[in-house]
Amino acid sequence: MASTARTAPAAPAGKRDRTHYLYIAVIIAVLLGIAVGFAAPDFAKELKPIGTGFVSLIKMMISPIIFCTIVLGVGSVRKAAQVGKVGGLALGYFIAMSFVALAIGLVVGNIIHPGSGMHLTEAVKGVGHEQAAKAAEGPVDFLLGIIPTTFVSAFTSETVLQTLLVALLVGFALQAMGRSGEPILRGVEHIQKLVFRVLGMIMWAAPIGAFGAMAAVIGETGMDALKALVTIMLGFYVTCLLFVVVVLGTLTKLVAKVSIFQLLKYLGREFLLIVSTSSSESALPRLIAKMEHLGVGRPVVGITVPTGYSFNLDGTMIYLTMASLFIADAMDQPMGIGQQIGLLLFMMVASKGAAGVSGSGIAVLASGLQSHKPALVDGVGLIIGIDRFMSEARAVTNFAGNAVATLLIGTWTGEVDKDRVNRVLAGELPFDEKTLLDDDEDDARAAVPEQGGEKELAKA
């Protein structure tokens with residue numbers, strides 16, 4: 001059982017949760033956004049900055065939250081080698097699941113042939129080449145990009161891995177400092193509480209952001225694109241659903257002894273945020289807080305969630321597979337199994353370097369086709385109209401995959417309080433929506449090595 005897991009008592013179950021009304025407002029805002037998008041598409045397009053502004057507010061909090069979480073998790077563990085064990089296990093799991101997602105996408109894509117009957121027009125030919133130019137650079141540039149220009153610039157860039165690197169270095173340094181680093185750990189603990197409280201305040205703007213984002217998406221896309229491309233959309237949605245329920249659900253049940261439906265219900269508000277804002281970043285900070293509250297140890301959450309955000313992209317893998325087959329069929333240039341596997345293995349590697357880049361899914365798709373079968377790049381324009389809707393399914397699947405990965409890796413390393421997991425999922429220990437933290441003196445002591453840090457992860 002993990003000593004780093006949250007042990008603080010949650011808020012009384014009988015206390016009225018005012019944020020319940022907040023998420024009802026988000027649902028209403030989404031419906032209003034859809035209505036406005038269909039009724040006045042030109043006006044709806046002008047509302048896009050509202051949704052963009054809300055997502056930017058959330059993104060502003062990601063770096064400090066990741067930094068605090070990792071520093072507290074790593075800094076309070078005496079055995080530095082155990083942190084490496086968690087990271088290595090996480091990366092191995094991410095790679096394995098990427099192959100599984102690619103395989104599922106290949107099977108479904110070859111069964112339904114989603115692009116049959118489509119016709120390429122001159123208007124869409126240039127889109128693919130434009131998107132290919134936006135793709136991430138090579139692996140060397142990607143690795144060098146993880147190193148921030150300065151210590152502080154890691155917090156101002158949009159590269160999550162830069163923050164992860166700095167936080168790990170600080171955490172290991174605090175490990176080496178021993179007792180003299182305890183005041184710094186306590187200071188970071190207070191900063192974390194402040195940051196999560198600010199995030200809680202920002203969340204009250206969610207209905208406004210959801211309205212603007214959804215109205216803009218509907219206004220830009222319209223019904224024509226939806227009708228024309230409904231086959232691949234439905235096929236992609238069903239494939240993502242099967243992956244989450246069958247693959248992730250089976251792993252969750254066998255390893256963690258938890259129902260995937262209970263876990264998805266627990267993260268219901270986060271899924272609502274992702275769908276309403278078309279951005280997985282809007283739910284990333286809350287995933288960190290909720291997985292800690294669930295009972296997963298801080299080092300596991302702090303390493304698995306940020307790393308998974310860049311490397312565990314199950315939904316993106318399925319998207320790349322089905323979109324490639326869609327374009328090949330639509331252009332009457334079907335690929336053999338060997339060509340499909342070679343192309344998708346390249347895309348799997350390229351997608352890791354494009355993590356966090358706006359529109360990275362379509363950019364990686366275009367660059368992969370340009371590298372392996374240039375004749376298909378012109379067809380990327382066929383799918384651009386519904387990419388935003390497919391992006392939502394990608395984000396939801398990626399998010400579910402990272403939540404499951406955190407729980408599984410915590411279980412494998414012995415860093416999960418199983419009794420707490422059951423109580424939280426049963427609703428006995430509700431999540432504190434006000435502070436987003438289990439805030440009491442036990443937590444403060446848990447962050448200090450002398451109060452149990454030497455025992456943390458010792459039994460893993």
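The values are calculated or read from the model by the stated rules, or taken from the named source; none is laboratory data. Small disclaimer: the values here were computed from a predicted structure and weren't measured. All Cβ positions, even for glycine, are placed from backbone atoms using ideal geometry, and neighbour counts span all protein chains on display. Calculation scope for accessible area: heavy atoms of the full protein, side chains included, ligands and nucleic acids excluded. Shrake-Rupley method; radii C 1.70, N 1.55, O 1.52, S 1.80 Å.
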Open item on the list: What pairs come out if I take residues in the stretch 131-157 that are at pLDDT below 70 and pair them with residues that are part of a loop (DSSP other than H, G, I, E, B) and open to solvent by 100 Å² or more (accessible area, probe 1.4 Å) whose C-beta lies under 9 Å away, six or more apart or interchain?
Closed with: LYS134/SER358
Task: Elements of type helices (runs of 4 or more DSSP H) in the stretch 139-210, at least 1 residues being surrounded by 15 or more Cβ atoms within 10 Å (Cβ to Cβ), among the polar types (S, T, N, Q) and touching a Leu at 6+ places or on another chain (Cβ under 8 Å) - done: 182-202
Task: Members of the stretch 400-415 that are at pLDDT 90 or above and either of a type in the set (A, V, I, L, M) or buried (at least 24 other Cβ atoms within 10 Å of the Cβ) (or both) - done: ALA400, GLY401, ASN402, ALA403, VAL404, ALA405, THR406, LEU407, LEU408, ILE409, GLY410
Task: So GLY219, is it modelled with pLDDT of 80 or more and either open to solvent by 10 Å² or more (accessible area, probe 1.4 Å) or farther than 27 Å from GLY302 by Cα (or both) - done: no
Open item on the list: For the stretch 20-72, give me each residue that is among the polar types (S, T, N, Q) and either more than 19 Å from LEU194 (Cβ to Cβ) or open to solvent by 40 Å² or more (accessible area, probe 1.4 Å) (or both).
Closed with: THR52, SER56
Task: Only one of LEU226, LEU241 that is at pLDDT 85 or above, of a type outside the set (Lys, Arg), in a helix (DSSP H, G or I) and open to solvent by 10 Å² or more (accessible area, probe 1.4 Å) - done: LEU241
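Yes/no per residue for (1) modelled with pLDDT of 85 or more; (2) hydrophobic (A, V, I, L, M, F, W, C); (3) open to solvent by less than 40 Å² (accessible area, probe 1.4 Å):
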| position | (1), (2), (3) |
| --- | --- |
| GLN82 | no, no, yes |
| GLY87 | no, no, yes |
| LEU91 | yes, yes, no |
| ILE95 | yes, yes, no |
| GLY109 | no, no, yes |
| GLY117 | no, no, no |
| HIS129 | no, no, no |
Task: Among (1) open to solvent by less than 60 Å² (accessible area, probe 1.4 Å); (2) at pLDDT below 80, the one test that MET1 misses - done: (1)
- [ ] Using the structure shown, decide if ILE232 is under 30 Å from PRO41 (Cα atoms) and either open to solvent by less than 20 Å² (accessible area, probe 1.4 Å) or hydroxyl-bearing (Ser, Thr, Tyr) (or both).
- [x] yes
Task: Inter-residue pairs, beta-carbon under 7 Å, first more than 17 Å from ALA393 (Cα to Cα) and modelled with pLDDT of 80 or more and in the stretch 316-333, second in a helix (DSSP H, G or I) and of a type in the set (Gly, Ala, Ser), 6+ apart - done: LEU325/GLY109; ILE327/GLY379
